[in-house]
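Participant: Below is the structure I would like to discuss, written out as structure tokens.
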Amino acid sequence: MVLESTITCPKCGTQTTETMPQNACVARFECPQCGALLKPLDGDCCVFCSYGTVPCPPVQTGNSCCALES
């Protein structure tokens, strides 16, 4: 399982490498450059799945992500 993903801000293009939590989704991320608040795109469970180079750990293991569970 890969725990590091590089998030690219869609507003300014800044790339930030972050360590993902192994058992949770990240629903919000603030760009350190422009301050944009990133939220998952429709159909994605977290910002790593929407803007990262690697999807979140629950998705990597084939499980449904926590944001999608009811």
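Since every read-out is calculated from the coordinates, none of them should be taken as a lab result. Computed from a prediction, not measured in an experiment: that's the story for all the values here. For neighbour counting, all protein chains shown are included, and Cβ atoms are generated from backbone atoms with ideal geometry for every residue, glycine included.
Participant: From the phi of every residue in the stretch 6-16, what ³J(HN,Hα) in whole Hz does the Karplus formula 6.51 cos²θ - 1.76 cosθ + 1.60 yield, where θ is phi - 60° and glycine or proline is x?
Facilitator: Values, residue by residue: 9, 8, 10, 5, x, 8, 10, x, 5, 10, 9 Hz.
Participant: So what's the back-of-envelope 222 nm ellipticity for the chain, counting only DSSP H runs of four-plus at -39500 (n - 2.57) apiece and dividing by all residues, rounded to 500? All intermediate terms of the calculation are to be shown ahead of the outcome.
Facilitator: On the way: 2 runs with 9 residues, N = 70.
-2000 deg cm²/dmol, from helical runs alone.
Participant: Give me the net charge for the shell around A36: Cβ to Cβ below 12 angstrom, other residues only, Lys and Arg +1, Asp and Glu -1. Walk me through the intermediate numbers first.
Facilitator: Values: positive: K11, R28, K39; negative: E30.
For residues surrounding A36, the net value is +2.
Participant: Along the charge dipole of the chain, Cβ charges K/R +1 and D/E -1, which of M20, M1, S50 sits furthest on the positive end?
Facilitator: Going by the Cα projections, it comes out as S50.
Participant: Averaged across orientations, what area in nm² does the convex hull of the alpha carbons in the chain project? Please report the intermediate quantities before stating the final value.
Facilitator: Details: hull surface 17.3 nm².
In nm², the orientation-averaged hull projection of the chain is 4.3.
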